[in-house]
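See below for the structure under consideration.
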Amino acid sequence: MITSCKDTDNSNNIKIISESPYIYYIFDENGMHCFDERFQQNDTISKISNSGREYYFNNEIEKAENQINEGLKIDSLDPILNNDLANIYKENKKFEKSIIHYNKAIKISDSIYFPPLINLADLYATLGEQSKSEKIYFYIINNNESKIYQGIAFYGLANMYYKYGYIDKAKSNLKTAKKLVQKDKNILKKLTELKVKINQY
């Protein structure tokens with residue numbers, strides 16, 4: 001799962017994607033968390049967003065949903081909050097609502113905010129909507145200069161093809177993903193895990 005993280009940069013785990021605009025990510029046990037200075041929150045919204053995400057990661061889903069909705073009452077056009085709420089709906093298998101809020105986050109951000117794009121592509125893959133998923137993954141690949149983002153999109157494609165039983169496609173996309181993310185050992189670990197599954201298919 002991909003989420004947005006609070007705008008602190010005092011962690012040794014930070015991987016900088018771009019200096020201008022300033023974009024970085026952190027990869028931990030909960031997934032990949034992105035920060036993009038173009039989508040900063042004010043202090044009030046940031047506290048609400050971080051609190052809601054903390055509830056989410058502690059599996060207090062109802063509290064997380066309530067907290068994020070409080071934030072959306074203040075700013076319904078915050079792409080980070082909309083992405084977070086979509087993640088919560090996805091967790092609760094409320095897929096139609098999840099799709100609505102991922103799309104809202106994408107539209108608000110003019111399709112440049114990475115987390116809802118990758119999350120929506122993954123959800124479509126889970127729902128068996130292959131063409132919709134591919135369309136988003138290829139959008140990321142063709143409209144983003146970041147090798148990390150491109151690599152994660154190829155990883156998403158590989159994972160989807162593996163689940164669908166398209167093993168040759170899975171292997172090909174995973175190979176491309178590995179070339180793109182070879183400087184990040186945490187993401188490489190995820191790719192290695194998928195490679196083992198593909199080889200055991």
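The single condition among (1) open to solvent by less than 10 Å² (accessible area, probe 1.4 Å); (2) within 16 Å of the chain's Cα centre (by Cα) that Ile198 does not meet is (2).
Can Tyr89 be described as out of contact with any Gly (no Cβ under 6 Å at 6 or more places or on another chain), open to solvent by less than 70 Å² (accessible area, probe 1.4 Å) and more than 26 Å from Asn58 (Cα to Cα)?
On the way: out of contact with any Gly (no Cβ under 6 Å at 6 or more places or on another chain): yes; open to solvent by less than 70 Å² (accessible area, probe 1.4 Å): yes; more than 26 Å from Asn58 (Cα to Cα): no.
Spelling it out, it is not the case that Tyr89 is out of contact with any Gly (no Cβ under 6 Å at 6 or more places or on another chain), open to solvent by less than 70 Å² (accessible area, probe 1.4 Å) and more than 26 Å from Asn58 (Cα to Cα).
Among the residues making up the stretch 11-53, those that are open to solvent by 40 Å² or more (accessible area, probe 1.4 Å) and acidic (Asp, Glu) are Glu19, Asp28, Glu29, Glu37, Asp43.
So which residues in the stretch 136-167 are of a type in the set (Lys, Arg) and modelled with pLDDT of 95 or more? Before the answer, list the steps.
The initial filter retains those residues of the stretch 136-167 that are of a type in the set (Lys, Arg), namely 147, 163.
Passing the criteria: only Lys163.
If the condition is being part of a helix (DSSP H, G or I) and either of a type in the set (A, V, I, L, M, F, W, C) or in contact with a Pro (Cβ under 7 Å, 6 or more places away or on another chain) (or both), then the stretch 164-201 contributes Ile167, Ala170, Leu174, Ala177, Leu180, Ile187, Leu188, Leu191, Leu194, Val196, Ile198. Can Asn59 be described as in a loop (DSSP other than H, G, I, E, B) and modelled with pLDDT under 95? When the stated conditions are applied, Asn59 passes them.
Does the stretch 54-86 hold any residues that are within 16 Å of Gln41 (Cβ to Cβ) and either open to solvent by 80 Å² or more (accessible area, probe 1.4 Å) or aromatic (Phe, Trp, Tyr) (or both), and which are they?
If the condition is that a residue be within 16 Å of Gln41 (Cβ to Cβ) and either open to solvent by 80 Å² or more (accessible area, probe 1.4 Å) or aromatic (Phe, Trp, Tyr) (or both), then Glu54, Glu70, Lys73, Ile74, Leu77 are the ones that fit.
The values are calculated or read from the model by the stated rules, or taken from the named source; none is laboratory data. Given the structure is predicted, the values throughout are model-derived calculations rather than measurements. Glycine also receives a Cβ, built like all others from the backbone with ideal geometry; neighbour counts cover every protein chain displayed. Areas reflect the complete protein model, heavy atoms only, side chains present, ligands, DNA and RNA absent. Shrake-Rupley method; radii C 1.70, N 1.55, O 1.52, S 1.80 Å.
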